[in-house]
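**Student:** This is the structure I have questions about; it appears just below.
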Amino acid sequence: MAQMIFEGILETLYMTIASTMLAYLFGLPLGVLLIVSDKNGIKPMPTLNAIISFIVNIFRSIPFLILLVAIIPFTRLVVGTMLGSTAAIVPLTVAAAPFVARMVETSLKEVDAGVVEAAESMGASTWQIISKVLLPEAKPSLITNATVTVITVLGYSAMAGFTGGGGLGDIATRYGLYKFDTATMWLVVLVIVVIVQILQEIGLRIAKVTDNRTR
Amino acid sequence: MAILKLEGLTKTFEGKKGSINALTDINIEIEAGEIFGIIGMSGAGKSTLVRCINLLEKPTSGNVVFDGRELTMLKKKELEKERTKISMIFQQFNLLMQRTALKNVCFPLELSGVPKKEAEKKAKELLALVGLADRAGSYPAQLSGGQKQRVAIARALATDPKVLLCDEATSALDPKTTRAILELLKDINRKLGITIIIITHEMSVVQKICGRVAVIDGGQIAEIGVTSEIFAKPKSEAAKRLVYPDGQMEETFAGGGLLRIVFDGPTSQQPIMANMILEVGEPVNIIYASMQDIDDTAVGQMVIRMPADDDKAGEMIKYLKKNNLKIEEVRE
Ligand SMILES: Nc1ncnc2c1ncn2[C@@H]1O[C@H](COP(=O)(O)OP(=O)(O)O)[C@@H](O)[C@H]1O
Ligand SMILES: [Mg+2]
């Protein structure tokens with residue numbers, strides 16, 4: 001039992017962390033692109049902005065459970081199977097990347113336009129503004145939002161249990177729904193709650209320590 | 001030689017509710033090494049004008065000639081390079097909040113690829129120049145407004161600019177800090193020979209450091225000339241509004257009225273007022289007085305209430321005119 005829950009924790013963390021990282025790999029550039037190409041951005045590209053925004057919105061509108069099922073053929077294509085934690089990473093990433101894009105967009109929007117203007121007046125190129133102004137200045141907000149993302153993905157990963165994704169969600173579903181073993185189900189839920197608390201706390205601490213506006 | 005020439009600069013913003021003519025046919029020549037003021041009320045187009053100078057805003061028509069180069073013709077990369085020679089400081093300082101003072105000053109050097117060690121050495125020298133050698137490791141959030149503006153000035157100087165644009169650089173500061181920052185700018189102008197352009201809505205700022213000034217109103221240049229002259233005898237309505245913020249001038253003089261006396265040059269060293277009172281044998285009430293140092297000549301104005309007696313008032317006016325003072329009655 002303890003062994004099973006322990007493995008569940010590892011699987012959940014594996015799915016959550018891997019999916020979040022992959023979601024940032026795709027979502028971060030998209031978020032940056034959304035800000036940069038905005039009509040008031042540093043390199044306005046209205047058409048590109050509208051296209052990205054549209055695609056992001058579509059993916060964000062699809063409920064995760066439906067997405068999970070809908071992209072099974074794609075998951076098979078990428079991983080070779082639709083079962084197991086590794087397979088769950090595919091739908092989790094697809095669902096989280098557009099979410100990350102919007103989160104990054106929101107964080108970067110908070111950077112004072114005056115600071116960007118100052119950098120432009122110093123002859124900074126678009127890339128320099130992104131790498132030396134937007135991202136570093138938004139760092140605390142990016143970290144806070146990354147925490148929200150991790151926790152959201154953790155929640156999704158529990159749903160991935162329905163399609164045999166493994167992890168704590170899988171255990172809770174099997175014991176609670178199919179075996180009517182509510183005690184085990186609640187135990188697993190408790191473990192998830194504790195993990196969420198820890199992640200939240202870590203995220204906030206890092207955001208606070210790295211923010212130089214308050215020291 | 002003119003370091004900066006604005007030729008027929010026009011900027012129109014196309015908005016939803018029609019177009020706004022923010023700037024109309026602006027012609028200014030700024031000489032290398034001078035401190036030039038651009039003054040106007042809020043909304044006059046001052047910020048648009050400075051943003052057009054370094055092409056943060058693209059003029060609708062007209063030319064910006066900087067150091068002999070026509071900026072509007074340059075490609076993006078060339079423009080980025082020229083921009084390092086035109087620095088800018090802002091009302092809100094616009095420092096990078098996640099960087100220390102030192103790293104803020106290093107920032108423009110980083111942009112142009114100066115090695116870190118070299119950049120830091122220069123940044124330290126500049127922080128010392130602005131009087132913040134001991135705050136290199138502080139973050140902007142730990143600095144006062146005046147200190148933040150000093151960091152911004154050091155940062156603006158890092159690329160050895162030829163021109164420093166100051167858009168309302170003291171407008172967020174208290175009067176004492178404002179004075180200190182203006183002194184610093186004057187010092188920098190003198191020591192480094194950098195041309196400084198001061199954009200402000202406050203006459204007192206222009207009076208303190210600008211040799212010449214352009215008055216901008218409704219997106220047009222209303223008047224342009226030597227500060228002490230515009231200050232003493234404003235011709236345009238816009239300039240008059242700025243020089244006498246709360247009163248108009250009348251040419252007739254009457255006892256009991258208010259009289260504005262302008263001092264410029266050597267006369268202000270002499271005890272004119274005391275002598276006048278002694279000669280006429282009537283006291284006056286000084287309502288308002290302000291003396292400034294414009295470009296090393298004492299300039300100032302004083303508003304006095306004249307005696308109720310028309311004759312005595314007339315005598316005073318005669319005395320002041322005899323001493324070559326410019327006088328005008330202030331209508332209440
Ligand atoms: N980006 C913009 N779009 C539309 N109108 C603008 C824009 N920037 C400035 N304006 C308008 O141009 C005029 C001059 O503004 P500004 O240059 O900021 O004045 P100042 O700095 O003298 O207060 C104002 O009427 C303002 O509303
Ligand atoms: Mg302005």
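**Student:** Along Cα→Cβ, 7 Å out, is where each label goes; now give me the distance between the ones at B:Asp25 and B:Ala308 in nm to one decimal.
**Tutor:** Label-label distance for B:Asp25 and B:Ala308, simple model: 5.3 nm.
**Student:** Sticking with this one: Between beta-carbons, use under 11 Å as the cut-off and find the net charge around B:Glu202, counting Lys and Arg +1, Asp and Glu -1.
**Tutor:** Residues close to B:Glu202 contribute a combined charge of 0.
**Student:** Averaged over B:88-99, how many beta carbons belonging to a partner chain fall within 10 Å of each residue's beta carbon?
**Tutor:** Taking the mean over all residues of the peptide, I get 6.
**Student:** Mind checking region A:33-134 for trypsin sites (Lys or Arg not before Pro) that DSSP puts in a loop (not H, G, I, E or B) and that have at most 14 other Cβ atoms within 10 Å?
**Tutor:** A:Lys39
**Student:** Please list, in order along region A:166-173, the HN-Hα scalar couplings obtained from phi with the Karplus expression 6.51 cos²θ - 1.76 cosθ + 1.60 (θ = phi - 60°), rounded to whole Hz, x for Gly and Pro.
**Tutor:** Ordered by residue, 3J(HN,Hα) equals x, x, 4, x, 4, 4, 4, 5 Hz.
**Student:** Next question. Just to check I understand the Karplus step: with θ = phi - 60° and J = 6.51 cos²θ - 1.76 cosθ + 1.60, what whole-Hz values come out for region A:16-26, glycine and proline as x?
**Tutor:** Each residue's phi maps through the Karplus curve to give 5, 5, 4, 5, 4, 4, 5, 4, 6, 4, 8 Hz.
**Student:** Once phi is turned into θ = phi - 60°, what whole-Hz ³J(HN,Hα) does the Karplus curve with 6.51, -1.76 and 1.60 give for every residue of region B:70-85, x standing for Gly and Pro?
**Tutor:** Couplings: 8, 5, 5, 8, 6, 7, 3, 5, 5, 5, 4, 5, 5, 4, 5, 8 Hz.
**Student:** Under a GNM of chain B (C-alpha, springs under 10 Å), which listed residue has the highest mean-square fluctuation: B:Leu56, B:Leu132, B:Leu164?
**Tutor:** B:Leu56
**Student:** Let me check I have the definition right: for chain A, take the eigenvalues of the Cα gyration tensor, multiply each by 5, take square roots. What are those semi-axes in whole Å, largest first?
**Tutor:** Values for chain A, descending: 37, 21, 12 Å.
**Student:** Taking the Cβ of each residue in B:Arg190, B:Arg179 as the centre, tally the other Cβ atoms inside 10 Å and list the residues starting with the fewest.
**Tutor:** B:Arg190, B:Arg179
**Student:** Among A:Thr86, A:Ile192, A:Ile130, which residue has its Cα furthest toward the positive end of the charge dipole of region A:2-214, with +1 on Lys/Arg Cβ and -1 on Asp/Glu Cβ?
**Tutor:** A:Thr86
**Student:** Of B:Ser47, B:Ser87, how do they rank once you tally other Cβ atoms within 10 Å and put the fewest first?
**Tutor:** The most exposed by this proxy come first: B:Ser47, B:Ser87.
**Student:** Still on this structure, please answer the following. Lysines near B:Lys17 by alpha-carbon distance under 19 Å, same-chain residues fewer than 8 away left out - which ones?
**Tutor:** The reachable lysines, counting only those whose Cα sits under 19 Å from B:Lys17, are A:Lys39.
**Student:** Pick from B:Glu14, B:Glu78, B:Glu34: which residue has the top mean-square fluctuation in a GNM of chain B where Cα pairs under 10 Å get a spring?
**Tutor:** Ranking B:Glu14, B:Glu78, B:Glu34 by mean-square fluctuation puts B:Glu14 first.
**Student:** With a 10 Å Cβ neighbour count serving as the proxy for reagent exposure, in which order, fewest first, do B:Phe90, A:Phe26, A:Phe180, A:Phe74 appear?
**Tutor:** So the residues, fewest neighbours to most, are A:Phe180, A:Phe74, A:Phe26, B:Phe90.
**Student:** Counting only the backbone N, which residues of region A:149-179 are under 16 Å from the spot 7 Å out from the Cα of A:Leu190 toward its beta-carbon?
**Tutor:** Flagged as within label range: A:172, A:176.
**Student:** Let me ask something else about it. Sequence-distant or interchain residues sharing an amide H contact under 5 Å with B:Ile38, placed H: which?
**Tutor:** Excluding prolines and chain starts, which carry no amide H, the hits are B:Ile198, B:Ile199, B:Thr200, B:Ala214.
**Student:** Note the per residue figure in Å³ for the convex hull of the C-alpha positions in region A:34-131.
**Tutor:** Dividing the Cα hull volume of region A:34-131 by its residue count gives 119 Å³.
**Student:** Roughly what percent of Cα-Cα pairs across the protein assembly as shown reach past 42 Å?
**Tutor:** 42 percent
Since every read-out is calculated from the coordinates, none of them should be taken as a lab result. Every value quoted in this text rests on a predicted model; they were computed, and no experiment measured them. Glycine gets a Cβ as well: all are built from the backbone with ideal geometry, and neighbour counts include every protein chain shown.
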